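The values are calculated or read from the model by the stated rules, or taken from the named source; none is laboratory data. On a predicted model such as this, the values are computed, not experimentally measured, just so you know. Positions of Cβ are backbone-derived with ideal geometry, glycine not excepted, and every protein chain shown enters the neighbour counts. Note: areas computed on protein heavy atoms with side chains; ligands, DNA, RNA excluded. Shrake-Rupley method; radii C 1.70, N 1.55, O 1.52, S 1.80 Å.
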Amino acid sequence: MGRAENAAFHEPVMKTRQKAAMVEGAAGGNGSFGDGLAAAARSIIADARTALADPELSDAEAVHEVRKALKRWRALLRLLARPLGEQADLMRTEARELMRALSGARDAQSTLDALADLSKTDLPLSDTSMDTIRARLTEIKNAAEQTSFTKTMRDRLARYLDYATLSLERWPLKAIDFDTVADALTSTYRRARQLLPDGWPNAEAEHLHDLRRRVVEHRHQMDLIEHLWPRLGQVWAEEAQRLRNRLGACQDLAVLTSFTAPHQPLAPWRSRLAPVIEARRAAHLKTAARLAGRLFAEKPKAFRRRIAALWSARQVKKR
């Protein structure tokens, strides 16, 4: 991993640790664990608003930051599904629809990310061909941004964030205890673990995409309890992020593959790109299998007992 990639990886990790510290202040002081959840929710909403309003962000950067905030928001809403009931489900569904509305621009960026990934290998393409491919993908990305991240879409996102802010003030978060959160954490862990492929090399792209979504959700939810054991929480977050990155790279390659289908923009290069894409995908899956084996080694009940024990130990320490 190069210096630039290393910085890109650690920046979001550092940000989530800062948010976890904020949760720790709420849960470790005079407040309840629910106070920490409220602090995390306000932080997510603030990050999304900043992405929408920051004039220094390009449309691609703004889309990325908004989608990232909405992923964290949806992970939090799933934690709150039992105490909030139908409202959490409806708001999570609407957030997913907003993310899908922005997916055109994201898919175009994914192809460029996949191409950059392939550039780390020996590509059987000339510099001229690579320049042509990049130019076509950039043109598609720019067109997608213009049609998806419009003022209408920005206004729709702003209205959703306004509603989320108002809803947050009404939610009975103070009454939510750690056991409720632990049950939800375990449910997400179980959902991700059940999606681990029996045979990684032959896993379908859609299956890996579903697994990645669950890993993203698990990773964001675990940020909320990192303060229970910071050293372990840090390692866990980084392992989950590495798995997420590998699965994300596979998804990017799948999108790039779709662009090489007949009548698609990269069809002329299909025969040369296909074997390189498959080889790179296999390398990512080999690493993903190893990471997932470590991250999801415990059965869900054992995972639940461990996080409950960490919480109990912290409560004893506070007395």
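Among the candidates K318, K286, which residue alone is in contact with a helix residue (DSSP H, G or I) (Cβ under 9 Å, 6 or more places away or on another chain), modelled with pLDDT of 95 or more and open to solvent by 50 Å² or more (accessible area, probe 1.4 Å)?
Working: K318 fails: modelled with pLDDT of 95 or more.
Of K318, K286, the one residue that is in contact with a helix residue (DSSP H, G or I) (Cβ under 9 Å, 6 or more places away or on another chain), modelled with pLDDT of 95 or more and open to solvent by 50 Å² or more (accessible area, probe 1.4 Å) is K286.
Might you let me know whether region 213-228 holds any residue that is closer than 19 Å to R290 by Cβ and assigned to a loop (DSSP other than H, G, I, E, B)? No, every residue in region 213-228 fails to be closer than 19 Å to R290 by Cβ and assigned to a loop (DSSP other than H, G, I, E, B).
Going by the structure shown, is R67 among the basic types (K, R), closer than 23 Å to F259 by Cβ and surrounded by 13 or more Cβ atoms within 10 Å (Cβ to Cβ)? Against the criterion (among the basic types (K, R), closer than 23 Å to F259 by Cβ and surrounded by 13 or more Cβ atoms within 10 Å (Cβ to Cβ)), R67 qualifies.
Restricted to region 87-200, the set of helices (runs of 4 or more DSSP H) holding at least 2 residues that are small (G, A, S) and open to solvent by less than 10 Å² (accessible area, probe 1.4 Å) comprises 103-118, 151-170, 178-194. One residue stands out among those in region 147-162 that are touching a residue at least 40 places away in the same chain (Cβ under 8 Å) and of a type outside the set (A, V, I, L, M): the one that is nearest to E94 (Cα to Cα), which is Y160. Of the set (1) open to solvent by 40 Å² or more (accessible area, probe 1.4 Å); (2) in contact (Cβ under 8 Å) with a residue 60 or more places away in the chain; (3) under 17 Å from W73 (Cα atoms), all apply to H220 but (1). Of all the listed residues (L291, L273), the sole one being in a helix (DSSP H, G or I), within 30 Å of R191 (Cβ to Cβ) and among the hydrophobic types (A, V, I, L, M, F, W, C) is L291. Could you say whether any residue in region 256-263 is without any contact (Cβ under 8 Å) to a residue 60 or more places away in the chain, over 24 Å from S129 (Cβ atoms) and touching a Leu at 6+ places or on another chain (Cβ under 9 Å)? Looking for residues that are without any contact (Cβ under 8 Å) to a residue 60 or more places away in the chain, over 24 Å from S129 (Cβ atoms) and touching a Leu at 6+ places or on another chain (Cβ under 9 Å), one finds none in region 256-263, hence no.
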